[in-house]
Amino acid sequence: MLKHKSFGKVPTYIEKFKVEMQMTKEKKDEDRAKARMPPGTRLMTEDERIHTLEELQRQKCEISTLLFSIPLSCKTEALKLRKRDLEIKLVEIDRAVTTFSRKIVYIKDDGKELAPNTIPLEVAYQKPPMAGLRVKRPETAGRK
């Protein structure tokens, strides 16, 4: 039984057809993803998402430290307001962590990617100033 030289090999036209089918499938998948994307947004890259999560965790630790440094008995309105503001910021950060923990995150598309040391403005907050926080020191706690 004689066999020709290309016996058992896939013909080139079939290989081309497979490549074209793969490209068509990828294009359809990409179009579906774009159709699901809300207008004016873009998909956040994995590096941006991870960096944002790390930054949020760092900010959460800072806020928690500030919150725990406030005395338990807040007698002045300034301390009560300060504590309430810190608690609100902590809740906002927790919500942002929940959002950025998802695998797919859409952010506002402004035509540029995030710099490595920034997070989106929707999640960022201003670090609270330390001047308004008064903590009793042990040496002055007994004096009035």
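Of all residue pairs spaced 6 or more apart or on separate chains, those with beta-carbon atoms under 8 Å, a first member in region 95-106 that is in contact (Cβ under 8 Å) with a residue 12 or more places away in the chain and a second member that is among the acidic types (D, E) are A96/E122.
Selection of region 49-97 for residues being of a type in the set (K, R) and touching a Gly at 6+ places or on another chain (Cβ under 8 Å) yields only R82. Within the option set L67, L72, L56, being outside any helix (DSSP H, G or I) and not acidic (D, E) holds for one residue only, L72. Of the residues making up region 1-29, just one is over 42 Å from the mean Cα position of the chain (by Cα), in a helix (DSSP H, G or I) and among the aromatic types (F, W, Y), namely Y13. Determine, yes or no, whether K34 is loosely packed, with under 13 Cβ neighbours inside 10 Å and either touching a Ser or Thr at 6+ places or on another chain (Cβ under 8 Å) or assigned to a helix (DSSP H, G or I) (or both). It is true that K34 is loosely packed, with under 13 Cβ neighbours inside 10 Å and either touching a Ser or Thr at 6+ places or on another chain (Cβ under 8 Å) or assigned to a helix (DSSP H, G or I) (or both). The number of residues in region 37-78 being of a type in the set (K, R), at pLDDT below 85 and surrounded by 10 or more Cβ atoms within 10 Å (Cβ to Cβ) comes to 1.
The values are calculated or read from the model by the stated rules, or taken from the named source; none is laboratory data. Predicted model only: the values in this text are computed from it and were never measured. For neighbour counting, all protein chains shown are included, and Cβ atoms are generated from backbone atoms with ideal geometry for every residue, glycine included.
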